[in-house]
Amino acid sequence: MALFSGRKQICSWVVALVGIILTSGCGQRQSGVSMSGKDRSAKTDDASALVDKYATVRLTADLSGLSDNQRRMLPLLIDAARQMDEGFWWQAYGDRTALLSSLDNPALRRFAEINYGPWDRLNDNQPFVPGVGPKPLGANFYPADMSKEEFEQHLAQLDPAAAESFRSPYTIIRRDQMGQLEAVPYFRQFMLYALAAGHKLSQAAAIAEDEGFRQYLLLRADALLTDDYRASDFAWLDMKDNTLDIVIGPIETYEDGMFGYKASYESYVLIKDKEWSKRLARYAAMLPDLQRSLPVEDKYKQESPGTDSDLNAYDVVYYAGDCNAGAKTIAINLPNDEEVQLRKGTRRLQLKNAMRAKFDKILVPIADLLIAEDQRKHITFDAFFEDTMFHEVAHGLGIKNTINGKGTVREALKDQQSALEEGKADILGLHMITRLHEQGELPNSNLMDHYVTFMAGIFRSVRFGAASAHGRANMVRFNYFAERGAFSRDEQTGRYRVDQERMRSAMESLAAKILRMQGDGDYEGAKKWMEVAGNMPDVLQDDLDRVNAAGIPVDIVFEQGVDVLGL
């Protein structure tokens, strides 16, 4: 039964929501960290410098091609997305209002808003509010006093179904009145946010002109109240002609640094760029051949990726939740559900306007400082766009289930999976570009453009720090490339030069190493490798210090919303 299947549900929904608000208030919100009010309001002299690590970008798009109904839908979709902000704040920290109201320094308060808490996401989650202490490894998904060992011991006493609920991406772990661990479903923990978001999605569905989009909105509204997202994932993949889109719900598991189990709320509101999308459409059909081309033994590429995948370019007009915290996402590969991926594939969304902002404001200035002068001509937006696009395509390649009965790769690798998967996507993306270039499938491309732009991209992403899966993946790759001579560094100028052939060789061997580690579910091997290869060498730290001293922002932050769009 569809909970938001038509207009008749709206009135009853409002009555139900008002009743819940009156009886429960905001009782579901808990503070993830305790500290004194004095510490929380402490002044920070360099708060403005912290905010300046982000370049401000107005998130706009051309709305001239939208119909009246589509223009009316955008504010509804944005309102739904804003509810994901509420849920993610709770997941990442706890009581947002208490934290922000305690910070007297406006710049410090703004930096807390950017980071969704008092820890600097681009500086290995170091606390920037005095007295706050380190960020809990499991964020606010688990009790602050719970250890990994306690969690594992508790699961060992449960039957398989109950244990699965504790590992579910859609449960919060709390203590009951007896102090025992219990798994609380998201739809219960975050009911107010789910109801509010679902109501807005149902209102947008009522005026949607594309039938596929209307059906997806209704199914997604239902999913927020059941934690069963599979039907809406399939519906989302079936959409082909819609101009507007919204990604919404608990999706990525990066925030859970304890096990990598728990999914975080986030949302993107999107407008398809149909002209750019046409340029990308043909690559989806090549996925089976690209899977077979992976530089690893057959047993590590025995799964066949879904061929119903598609590639599209979008302008994003609103970010909320996890994707808006710290470093901003510029491309998406979803759904994450392994069964959906194997049956239908995934959709790769390239967020063109956000990508362009990072290229212009960050990547080009870094390249001017750190790339050899005669190789800077190879820094191009098209190469950056395609490097990012094939990174997302590569998430669908490789293997989703271990070859030795350890379950899915995600389950076997736990907290190491996010960084390893991002590393796989980066390196396989470059492998695919190399293969397609050799096959003449990337017309007018210059392979050296991709390699040099890829190198500059390492400097950009490694600045996200070890607390970021993308930052760790780039640090490991930098060290791997350095060991194999994929680049050289001029001691006099401090600038880097790519060796195309050695980079290609290093790329192939690194891809094979990651694919085998995933297929084997080698948790201990991955952990040891990340601990060693994830360390930053002094020379790179010195170079990044030069980048920081030059005032080059680390990432971007948005002015966004209905007013910015002129609606």
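By the equivalent-ellipsoid construction on the alpha carbon gyration tensor, segment 175-214 comes out with semi-axes of 36, 9, 4 Å, ordered largest to smallest. Counting 0.36 nm for each residue step from Ala281 to Lys527 and taking away their Cα separation leaves a gain of 84.8 nm. PRE reach from Glu152 (point 7 Å along Cα→Cβ): which of segment 503-543 fall under 18 Å by backbone N? Of the residues in segment 503-543, 521-531 have backbone N under 18 Å from the label point off Glu152.
The fraction of accessible area contributed by carbon and sulfur in the chain is 48 percent, rounded to a whole number (1.4 Å probe; ligands and nucleic acids excluded).
Per-residue ellipticity at 222 nm from helix content only, as computed over the chain with -39500 (n - 2.57) for each DSSP H run of at least four residues, stands at -15000 deg cm²/dmol. Considering only Tyr268, Asn140, Phe384, and ranking their Cα positions along the charge dipole of the chain that arises from unit charges at the beta-carbon of Lys, Arg, Asp and Glu, the one farthest toward the positive end is Tyr268.
Label sites at Met178 and Asp238, each approximated as a point 7 angstrom past Cα along Cα to Cβ, lie 4.5 nm apart. In this Cβ point-charge picture (+1 for Lys and Arg, -1 for Asp and Glu), the chain has a dipole of about 580 debye about its Cα centre. A simple spin-label model places the labels of Val539 and Thr226 5.7 nm from each other, with each point 7 Å out along Cα-to-Cβ. Summarising the label geometry, the points placed 7 Å from Cα in the beta-carbon direction at Glu441 and Lys406 lie 3.0 nm from one another.
Counting heavy atoms of the protein chains alone, Asp563 has an accessible area of about 140 Å² for a 1.4 Å probe. Rolling a 1.4 Å probe over the protein heavy atoms gives the chain an accessible area of 39 Å² per residue.
Most simply put, the chain has about 75% antiparallel DSSP beta bridges, counting only bridges with both residues inside it. With 21 Å as the limit on Cα-Cα distance, the pairs of Lys53/Lys262; Lys278/Lys352; Lys200/Lys352; Lys328/Lys358 that go past it are Lys53/Lys262; Lys200/Lys352. Karplus-derived 3J(HN,Hα) values for segment 251-263, using 6.51 cos²θ - 1.76 cosθ + 1.60 with θ = phi - 60°, are 10, 7, 10, 4, 5, 7, x, 7, 10, x, 8, 8, 8 Hz; glycine and proline are entered as x. Working note: Cα atoms of segment 57-160, range along each principal axis, descending, whole Å: 57, 45, 23. The simple Förster model, with R0 at 41 Å and r as the Cβ-Cβ distance, assigns Leu63 and Arg489 a FRET efficiency of 0.35. Pairs exceeding a 22 Å alpha-carbon distance, out of Lys301/Lys406; Lys301/Lys528; Lys299/Lys406; Lys148/Lys400: Lys301/Lys528; Lys148/Lys400. Bridgeable aspartates and glutamates around Lys361 (alpha carbons under 12 Å apart, same-chain partners fewer than 8 residues away excluded): Asp555. Measuring r between the beta carbons of Asp382 and Thr97 and using R0 = 51 Å, the FRET efficiency lands at 0.70.
The Cα trace of segment 214-328 gives Rg and Dmax of 16.5, 44 Å, the first to one decimal, the second as a whole number. Between the listed residues Thr226, Ser277, Ile248, the Cα displaced farthest toward the positive end of the dipole of segment 217-320, a dipole computed from Cβ unit charges relative to the Cα centre, is found at Ser277. The string of couplings for segment 126-133 from the Karplus curve (6.51, -1.76, 1.60, θ = phi - 60°) is 5, x, 10, 9, x, x, 6, x Hz, one whole number per residue in order, with x for Gly and Pro. For segment 287-344, trypsin sites (Lys or Arg not before Pro) meeting the loop criterion (DSSP other than H, G, I, E, B) and having at most 16 other Cβ atoms within 10 Å: none. Taking the three principal axes of the alpha carbon atoms in the chain, the coordinate ranges are 67, 54, 53 Å, sorted in descending order. For segment 322-331, backbone phi angles converted through the Karplus equation (6.51, -1.76, 1.60; θ = phi - 60°) give residue-by-residue couplings of 3, 5, 9, 8, x, 5, 8, 5, 10, 7 Hz, Gly and Pro being listed as x. Charges were assigned to the Cβ only: +1 to each Lys and Arg, -1 to each Asp and Glu. The resulting dipole of segment 146-227 about its Cα centre is roughly 280 debye.
Close amide H contacts of Val557 (hydrogens built in the peptide plane, cut-off under 5 Å, sequence separation of 5 or more or a different chain): Ala55, Thr56, Val57. Under the membrane-span-like helix rule (DSSP H runs whose alpha carbons stretch at least 18 Å along the helix axis, mean Kyte-Doolittle hydropathy -1.0 or higher), the chain yields 8-24, 68-92, 191-206, 211-224, 381-394, 417-438, 447-462, 469-483, 500-520.
The values are calculated or read from the model by the stated rules, or taken from the named source; none is laboratory data. All of these numbers come straight from a predicted model, not from anything done at the bench. Here Cβ is always computed from backbone atoms with ideal geometry, including for glycine, and neighbour counts include all displayed protein chains. Heads up: the accessible areas ignore ligands, DNA and RNA and are worked out on the full protein's heavy atoms, side chains in. Shrake-Rupley method; radii C 1.70, N 1.55, O 1.52, S 1.80 Å.
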